[in-house]
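Before any comments, here is the structure.
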Amino acid sequence: MSETIHSLIEQYGLIAVFIGCVAEGETAAILAGFFSHQGVFVPWQAFVAVFLGAFGGDAAFFLAGRRFADRPFVTRLRQRPGFDRAFDMLHSHPALYVIGNRYAYGFRLVGGVAAGLSTIPVMTFIVLNAISAVIWTILFGGIGYVFGLGAEQILGDELHKHQRLLVALGIGLVIGLAGWFAAHHLSRRTQKTDKHREG
């Protein structure tokens, strides 16, 4: 079974990495770095897949806000907690916001749409988005690479295929739980802040 899963990762893993990095993709980026260290992915190909997913995802959200502002999908996003705060921050510090938005777990999609609804020029957004995606790729891909190095130090110089899968599963589980708790905490804080402002 592990041989089959490992073969699928080798064949289709980079596609999954790209898709995973389109949205909240920290887990996908870290796993890409981990499998790069283990020789499952060619490192430069993995990092390109992470970058394209990160850059393309935010560009798509920006386009949704810029071109489809009246569509139901965008309207629903504008009603999410924290959207008004994101929009205010975007107007006061546009460059800092575009570069830093993807690091706020749970708000990346909302932030991209907010940028599209703002007056920030398209080329300015593209350049800032590219800079942010490069930093994000190096950071989270690098974290995954370090995880791979650490796993080898603990389990031996060369991880077996089933060990790679178990470590990857553990990484994904820990990051997924941490992300859920972070998003839940931020959402509750945002709702309390919004209620306080209304009061």
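I'd like the accessible area for R76, computed on protein heavy atoms only with a 1.4 Å probe and all protein chains in place. Round to 10 Å², please. Number for this one is 150 Å². Dipole magnitude for the stretch 1-126: computed about the Cα centre from +1 point charges on Lys and Arg Cβ and -1 point charges on Asp and Glu Cβ, it is near 500 debye. Volume per residue for the stretch 1-99 equals 133 cubic angstrom (convex hull of Cα atoms).
Of the listed residues D88, D70, D58, the order by accessible area with a 1.4 Å probe, largest first, is D70, D88, D58.
Once the chain from T119 to I15 is taken as fully extended at 0.36 nm per residue, the excess over their C-alpha distance is 34.1 nm.
The values are calculated or read from the model by the stated rules, or taken from the named source; none is laboratory data. Small disclaimer: the values here were computed from a predicted structure and weren't measured. All Cβ positions, even for glycine, are placed from backbone atoms using ideal geometry, and neighbour counts span all protein chains on display. In case anyone asks, the SASA skips ligands and DNA or RNA and just uses the protein heavy atoms, side chains included. Shrake-Rupley method; radii C 1.70, N 1.55, O 1.52, S 1.80 Å.
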